[in-house]
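Read the structure below first, then the notes.
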Amino acid sequence: MSLTEPKLFVISGPSGAGKGTLVARVRAVRTDLGLTVSATTREPRAGEIDGVNYYFLTDDEFSARIEAGDFVEWAQVHDHRYGTLASEVDRNLATGQSLILEIDVQGALAVKERFPEAVLIFIEPPSLEVLRERLIGRGSETPESLALRLHTAESEMQLRDRYDDIVVNDDLDRATDELLVVLNAHERNAC
């Protein structure tokens with residue numbers, strides 16, 4: 001038996017907590033980790049590529065995929081829908097390697113219901129004020145969308161006790177190291 005057992009890891013937290021950055025840094029070290037590409041109805045941001053960053057779907061295409069049962073989870077987040085295609089999970093798990101899903105809090109809890117063995121890891125900002133500064137720093141938020149994201153973040157942070165682990169992203173290097181330790185520990189403990 002190998003020293004590690006493949007796991008389905010779900011990384012989530014509020015918008016602006018640094019999930020994407022942490023996952024990218026972890027995957028630079030752990031190149032064996034699979035990563036699904038989520039689907040969304042939102043428009044691509046500058047530099048985002050269809051099929052790489054997201055599968056960008058129209059509302060009608062997304063609805064048809066829901067009807068067909070193509071999603072492991074999906075959720076309405078602000079004005080758009082996001083989801084994880086079952087084909088993406090199956091493709092990755094078929095490799096026998098651990099897999100990271102980087103999704104919102106609603107989606108993470110839905111995955112845990114469908115896959116009880118999934119490990120949920122909450123990425124928490126150091127404070128709501130730091131989160132606010134990060135969101136403003138993106139340059140893509142209107143005052144209304146900023147207020148909505150911060151309100152949603154407060155609600156999502158109240159659900160962190162439903163997660164297996166919490167990583168506070170107060171320092172990128174430290175948080176990356178902590179996330180790597182958490183992933184490795186769960187793989188070793190699965191044996």
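The relative contact order of the range 8-189 comes to 33 percent, based on Cα pairs under 8 Å that sit 6 or more residues apart.
Once backbone amide H atoms are built at 1.01 Å from N, Ser38 has Tyr55 as its partners under 5 Å, excluding neighbours fewer than 5 places away on the same chain. The GluC sites (Glu not before Pro) of the range 1-80 that DSSP puts in a loop, and whose beta carbon has at most 13 other beta carbons within 10 Å, are Glu48. Going by the alpha-carbon gyration tensor, a ≥ b ≥ c the square roots of its eigenvalues, is the range 24-120 rounded (a/c under 1.5) or, if a/c is not under 1.5, prolate (a/b greater than b/c) versus oblate? Here the range 24-120 falls in the oblate category. Of the GluC sites (Glu not before Pro) in the range 101-169, the ones in a loop by DSSP (not H, G, I, E or B) with at most 11 other beta carbons within 10 Å are Glu117. This model, with +1 at the C-beta of Lys and Arg and -1 at the C-beta of Asp and Glu, gives the range 49-173 a dipole about its Cα centre of some 80 debye. In the range 8-189, the DSSP beta bridges split such that about 30 percent are antiparallel, to the nearest 5. In the elastic network of the chain, a GNM with C-alpha springs shorter than 10 Å, the most mobile of Ala153, Ala68, Ala28 is Ala68. Would you mind getting me the FRET efficiency between Ala147 and Arg174? Use the beta-carbon distance for r and R0 = 45 Å, nearest 0.05. According to the calculation, E is roughly 0.90. Given R₀ = 22 Å, what would the calculated FRET efficiency be for Gln158 paired with Arg134, taking r from the Cβ atoms and rounding to 0.05? After rounding, the FRET efficiency stands at 0.65.
For the range 138-182, the alpha-carbon radius of gyration amounts to 1.47 times the rule-of-thumb value 2.2 N^0.38 Å expected for a compact globular protein.
How about the range 31-85: which trypsin sites (Lys or Arg not before Pro) there are in a DSSP loop, with at most 15 other Cβ atoms within 10 Å of their Cβ?
Of the trypsin sites (Lys or Arg not before Pro), the ones in loops of the range 31-85 whose Cβ has at most 15 other Cβ atoms within 10 Å are Arg42, Arg45.
Put simply, the C-alpha atoms of the chain give a gyration tensor, and the ellipsoid matching it has half-axes of 25, 22, 15 Å, longest first. Take the Cβ atoms of Ala185 and Arg114, set R0 to 22 Å, and the FRET efficiency comes out at 0.40.
Bear in mind these aren't lab numbers, they're just calculated from the coordinates by the rules spelled out. Nothing here was measured: the structure is a model prediction, and the numbers come from that model. Don't worry about glycine lacking a Cβ; one is built from the backbone with ideal geometry, like all the others, and counts go over all protein chains shown.
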